[in-house]
Amino acid sequence: MADEDRPERDCVIAGGGPAGMVLGYMLARAGLKVTVLEKHADFIRDFRGDTVHPSTVTLLGELGLRGKFLQLPLTQLSTIDAVVDGQRITIADFRTLPTPDNFLVLAPQWDFLNFLSREAAAYPNFELRMSTEATGLIMDQDQVRGVRTTQPDGGSEIRATLTVAADGRASVLRAAAGLTPEEFGVPIDVLWFGLPKPPKPPPVTLGYISSQGMVLTIDRGDRYQAGMVIPKGGFEALEKAGLGALRERITHAAPVLLPVVDALKDWDQVKLLSVRINRLRRWHRPGFIAIGDAAHAMSPMFGVGVNFAIQDAVALSNAITEDLAAGTAPRKKLAGVQRRREKPVKIMQRLQRAGHRALARATTGNRVAPRWVPGVLRVASPLLRRVMARFVGIGIRPEHVNTGKG
């Protein structure tokens, strides 16, 4: 191999989100030369996934980062409650999970990513390039050899043994690799906005669900990261009706927000999340793999997007580290990562799609479920709490650091 063709990095990762940063940290920790590219100048973005699941806290423990992580400004939840047709129901009780990671964490994603970048920076073989966007792939026939980038002072190329697309649901590198996701119809979108807590806040409540709609209230200390489910494509009509109509819809669904909803004074405070569910039929090609949202966009339902992205990163690191150290990225190993992670993704997306059909009824003034359902849920609550804690908190096929499992 000519010197100009020799990879300068073992791995280059496009995207400094949870998947990219966890993968970058793990590979650097193993002694590999890794570069993470983040197109923004910082990690601060409103209304990104803030849930860190018990299984992710366990992974941080396996990496020796648990104690430091839990010192960040964050909220620990032992239960998840929702108000369904006026009745408060505990959906999941994480105290039923094995200790010590028997709680859910809510942490601003930028704090989590800044934390990971600080820890990764301790390894001299780790490089994080901010304000640097991956714009294309370096190809040698069918083999991906690295990325082309653009940054404020111009463009450059980074050659690497393995190129990873962790650049989200609008992945540039996925498209450059000729990979197109299969889209699944979603009947809802979500409006995100911030609200102060009312003077006498109720117990921590994930959401309020009724025929009046669905409003989310994610605890952020003295504020809520709040959201409202609307029909797919319904934002324009709502915007035309005016901000007053939006505030009215919010308080009809969640009367507890009546004292604070006037804090919404401008449409600039409202962000539209166009909910999508998709996944690639094939995640990889020689020298390349997509993970996280670049491989499978998840709905906000159950708040599992960050968790699934991190699980992908851990599975990839476990599978490929030794090969990268030897200067190779066998395609069979990349295919094995897809096989391992694809099954839990398919199961979760199927459940999300079913849940969307129920939530869509709340956006049209219909009851989400028959009148007897909340009562049945209350009776079945002890079992429901345990099952949902396992399902949401630990998930389907959780990954562990260096398990040696295929």
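Can SER156 be described as surrounded by fewer than 19 Cβ atoms within 10 Å (Cβ to Cβ) and not charged (D, E, K, R)? So SER156 passes the test. Filtering region 180-219 to residues that are more than 22 Å from the chain's Cα centre (by Cα) and charged (D, E, K, R) leaves LYS197, LYS200. Scanning region 275-303 for residues that are assigned to a loop (DSSP other than H, G, I, E, B) and in contact with a Gly (Cβ under 7 Å, 6 or more places away or on another chain) yields a total of 1. Could you check, for region 77-85, whether at least one of its residues is small (Gly, Ala, Ser), at pLDDT 95 or above and buried (at least 18 other Cβ atoms within 10 Å of the Cβ)? No, region 77-85 has no match at all.
Yes or no: THR217 β-branched (Val, Ile, Thr), assigned to a loop (DSSP other than H, G, I, E, B), on the phi < 0 side of the Ramachandran plot and not assigned by TED's automatic domain parsing to the domain that holds ILE291? Outline the logic, then answer.
Details: β-branched (Val, Ile, Thr): yes; assigned to a loop (DSSP other than H, G, I, E, B): no; on the phi < 0 side of the Ramachandran plot: yes; not assigned by TED's automatic domain parsing to the domain that holds ILE291: yes.
No.
With respect to the conditions (1) at pLDDT below 95; (2) surrounded by fewer than 18 Cβ atoms within 10 Å (Cβ to Cβ), ASN102 falls short on a single one, namely (1).
Name the single residue that is surrounded by the fewest Cβ atoms within 10 Å (Cβ to Cβ) among those in region 219-235 being touching a residue at least 40 places away in the same chain (Cβ under 8 Å) and of a type in the set (Lys, Arg). For region 219-235, the residue satisfying everything is LYS232.
Kindly indicate whether LYS240 is of a type in the set (Lys, Arg) and touching a Gly at 6+ places or on another chain (Cβ under 9 Å).
So LYS240 does not fit the description; no.
Only one entry of LEU216, LEU195, LEU206, LEU238 meets the criterion of being surrounded by 15 or more Cβ atoms within 10 Å (Cβ to Cβ) and touching a Phe, Trp or Tyr at 6+ places or on another chain (Cβ under 6 Å), and that entry is LEU195. Counting only residues that are out of contact with any Phe, Trp or Tyr (no Cβ under 9 Å at 6 or more places or on another chain), farther than 13 Å from PHE112 by Cβ and at pLDDT 95 or above, region 41-56 holds 1 of them. Tell me yes or no: at least one residue of region 150-173 is modelled with pLDDT under 95 and of a type in the set (A, V, I, L, M, F, W, C). Yes, region 150-173 contains a residue that is modelled with pLDDT under 95 and of a type in the set (A, V, I, L, M, F, W, C). Specify the residue that is surrounded by the most Cβ atoms within 10 Å (Cβ to Cβ); the eligible residues are those in region 267-292 that are of a type in the set (Gly, Ala, Ser) and in contact with a Lys or Arg (Cβ under 7 Å, 6 or more places away or on another chain). Within region 267-292, the match that is surrounded by the most Cβ atoms within 10 Å (Cβ to Cβ) is ALA290. If the condition is being assigned to a loop (DSSP other than H, G, I, E, B) and under 27 Å from the mean Cα position of the chain (by Cα), then region 220-244 contributes ARG220, GLY221, ASP222, LYS232, GLY233, GLY234.
Taking first residues from region 120-139 that are touching a residue at least 24 places away in the same chain (Cβ under 8 Å) and partners that are surrounded by fewer than 18 Cβ atoms within 10 Å (Cβ to Cβ) and of a type in the set (Gly, Ala, Ser), the Cβ contacts under 6 Å between residues at least 6 apart in sequence or on separate chains come to MET130/ALA41; SER131/ALA41.
In this structure, does LEU59 turn out to be closer than 21 Å to ALA325 by Cβ, modelled with pLDDT of 95 or more and surrounded by 17 or more Cβ atoms within 10 Å (Cβ to Cβ)? No; evaluated as a whole, the condition is false for this residue. If only residues of region 304-342 that are among the aliphatic types (A, V, I, L, M), assigned to a loop (DSSP other than H, G, I, E, B) and touching a residue at least 60 places away in the same chain (Cβ under 8 Å) are counted, the one that is nearest to ALA354 (Cα to Cα) is VAL304.
Check every one of the strands (runs of 3 or more DSSP E) wholly within region 140-214 and list those with 1 or more residues that are more than 28 Å from THR75 (Cα to Cα), of a type in the set (Ser, Thr, Tyr) and free of Cβ contacts under 8 Å to residues at least 40 places away in the same chain.
Once the strands (runs of 3 or more DSSP E) in region 140-214 are filtered for at least 1 residues that are more than 28 Å from THR75 (Cα to Cα), of a type in the set (Ser, Thr, Tyr) and free of Cβ contacts under 8 Å to residues at least 40 places away in the same chain, what remains is 143-151, 154-165.
Scanning region 86-99 for residues that are surrounded by fewer than 18 Cβ atoms within 10 Å (Cβ to Cβ), part of a loop (DSSP other than H, G, I, E, B) and touching a residue at least 24 places away in the same chain (Cβ under 8 Å) yields a single hit, GLY86. Would you confirm whether any residue within region 15-26 is at positive phi and buried (at least 24 other Cβ atoms within 10 Å of the Cβ)? Checking region 15-26: at least one residue is at positive phi and buried (at least 24 other Cβ atoms within 10 Å of the Cβ).
The values are calculated or read from the model by the stated rules, or taken from the named source; none is laboratory data. Owing to the predicted nature of the structure, the values given are computational and were not obtained by experimental measurement. Neighbour counts run over all protein chains shown; Cβ positions are idealised from the backbone, glycine included.
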